[in-house]
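S.K.: The following block contains the structure, expressed as structure tokens.
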Amino acid sequence: MGKTIGIISLKGGVGKTSVVSALGAAMAKEFGKKVLVVDANFSAPNLGLHVGLVNQDTTIHHVLSGMEDVKKAIYETDYGFHILPGSLIYEKVDPLKLKDHLKKIKNHYDAILIDSSPTLNDEILATMVASDELFVVTTPDHVTLSTTLRAVKLAKESNTPIKGLILNKVLNKSFELSLEDIEEAANCPVLAVLPYETGVLKALSMNTPSTLYKKSGTTHEYKHLAAALLGETYNDRRLSQRLRYLFGRIPRQVTNREAFRENPCDTVFRKVFNK
């Protein structure tokens, strides 16, 4: 049986949906895993748009309303993963039925990635309840950090562990919050630092996961993250990476990923992290 991973945020514009599609493509193409991505942003579904799917006949809204079986709402993509999209025009559904429907297909996949709603309501709660573990997408600014802290608190209340933060749209400028400041405030480790590159925007305009558009720093970081979540190893052959290890200049997120890979149990991992 596969693992269900919820990707959450309490603020729009952080790139959460792009992270889900790029991470799903990395898991499928780089590591040969069977992956399903799920649009659980029921009020504003757009995961399908990221891969060029528009107004499918059967969607997750039909499933949650009891009109169709979940297997009939799953589609293949050109990017290696399957997708369970939402309807752009829809009627109100019961989000909390999500977990029960995903249980029916969980044993068909190595990983199920859920793209959650960015709103504090039953929709994001549905993702938390349906997930085995959660990751929060955030950006290095004070406004987003405040919503990240709320997401961490909410996840603790739902008893679904947040395993780490995904730091997105990083420009490496002095005015941005540092990785260390974000970790200390959230009491949660950063597992990936994704540079803000024009290639990511170009990939989005072409309805293509950024990990399949062109090789870049962001692409390699996604593959490292995918490897950690899957318990795999990614062989990064870039000379710059080899030199970093040679001279001991290992970024903090790399150390965090190694700790996560070795100790996926949340309590054990936190002990390693807090050292």
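S.K.: Can you find, within segment 223-249, the residue that is modelled with the lowest pLDDT among those that are of a type in the set (Gly, Ala, Ser) and part of a helix (DSSP H, G or I)?
M.R.: Restricting attention to segment 223-249, the residues satisfying the condition of being of a type in the set (Gly, Ala, Ser) are 226-228, 231, 240, 248.
From what's left, part of a helix (DSSP H, G or I): 226-228, 240.
Working: 226: 97, 227: 96, 228: 96, 240: 72.
So, considering only residues that are of a type in the set (Gly, Ala, Ser) and part of a helix (DSSP H, G or I), the one modelled with the lowest pLDDT is 240.
S.K.: From the residues in segment 1-57 that are acidic (Asp, Glu) and at pLDDT 95 or above, which one is farthest from residue 218 (Cα to Cα)? Working first, answer last.
M.R.: In the first step, residues of segment 1-57 are kept if they are acidic (Asp, Glu); the result is 30, 39, 57.
Still in the running and at pLDDT 95 or above: 30, 39.
Numbers: 30: 14, 39: 23 Å.
By that ranking, first place goes to 39.
S.K.: While we're on this one: Among 114, 105, which is touching a Ser or Thr at 6+ places or on another chain (Cβ under 7 Å) and at pLDDT 95 or above?
M.R.: That would be 114, the only listed residue that is touching a Ser or Thr at 6+ places or on another chain (Cβ under 7 Å) and at pLDDT 95 or above.
S.K.: Name the residue, out of 257, 270, 252, that is surrounded by 14 or more Cβ atoms within 10 Å (Cβ to Cβ), at pLDDT below 85, among the charged types (D, E, K, R) and within 21 Å of the chain's Cα centre (by Cα).
M.R.: Every option except 270 fails the conditions.
S.K.: Tally up the residues in segment 42-61 that are of a type outside the set (S, T, N, Q), assigned to a loop (DSSP other than H, G, I, E, B) and either closer than 16 Å to residue 101 by Cβ or within 21 Å of the chain's Cα centre (by Cα) (or both), please.
M.R.: Looking only at that region, the number is 6.
S.K.: I've got another one for you. Do the conditions hold for residue 182, that is, is it crowded, with 21+ Cβ neighbours inside 10 Å and out of contact with any Cys (no Cβ under 9 Å at 6 or more places or on another chain)?
M.R.: Considered against the rule, which asks whether it is crowded, with 21+ Cβ neighbours inside 10 Å and out of contact with any Cys (no Cβ under 9 Å at 6 or more places or on another chain), residue 182 comes out as no.
S.K.: Still on this structure, I have one more. Could you check residue 63 against (1) within 21 Å of residue 19 (Cα to Cα); (2) touching a Lys or Arg at 6+ places or on another chain (Cβ under 9 Å) and say which number it fails?
M.R.: Looking at each condition in turn, residue 63 falls short on (1).
S.K.: Of all residues in segment 19-39, count the ones that are surrounded by fewer than 24 Cβ atoms within 10 Å (Cβ to Cβ) and either out of contact with any strand residue (DSSP E or B) (no Cβ under 9 Å at 6 or more places or on another chain) or assigned to a helix (DSSP H, G or I) (or both).
M.R.: Residues flagged as surrounded by fewer than 24 Cβ atoms within 10 Å (Cβ to Cβ) and either out of contact with any strand residue (DSSP E or B) (no Cβ under 9 Å at 6 or more places or on another chain) or assigned to a helix (DSSP H, G or I) (or both) within segment 19-39 amount to 4.
S.K.: Being touching a residue at least 40 places away in the same chain (Cβ under 8 Å) and within 16 Å of the chain's Cα centre (by Cα) is the filter here; which residues of segment 223-237 pass it? Reasoning before the result, please.
M.R.: Applying the first criterion (touching a residue at least 40 places away in the same chain (Cβ under 8 Å)) to segment 223-237 yields 223, 225-227, 229-230, 232, 234.
Result: 223, 225, 226, 227, 229, 230.
S.K.: Just name the residue that is modelled with the highest pLDDT out of those in segment 75-100 that are closer than 15 Å to residue 6 by Cβ and surrounded by fewer than 22 Cβ atoms within 10 Å (Cβ to Cβ).
M.R.: Among residues in segment 75-100 that are closer than 15 Å to residue 6 by Cβ and surrounded by fewer than 22 Cβ atoms within 10 Å (Cβ to Cβ), the one modelled with the highest pLDDT is 99.
The values are calculated or read from the model by the stated rules, or taken from the named source; none is laboratory data. Quantities reported herein were computed from a predicted structural model and do not represent experimental measurements. We place every Cβ from the backbone using ideal geometry, glycine too, and count neighbours over all the protein chains shown.
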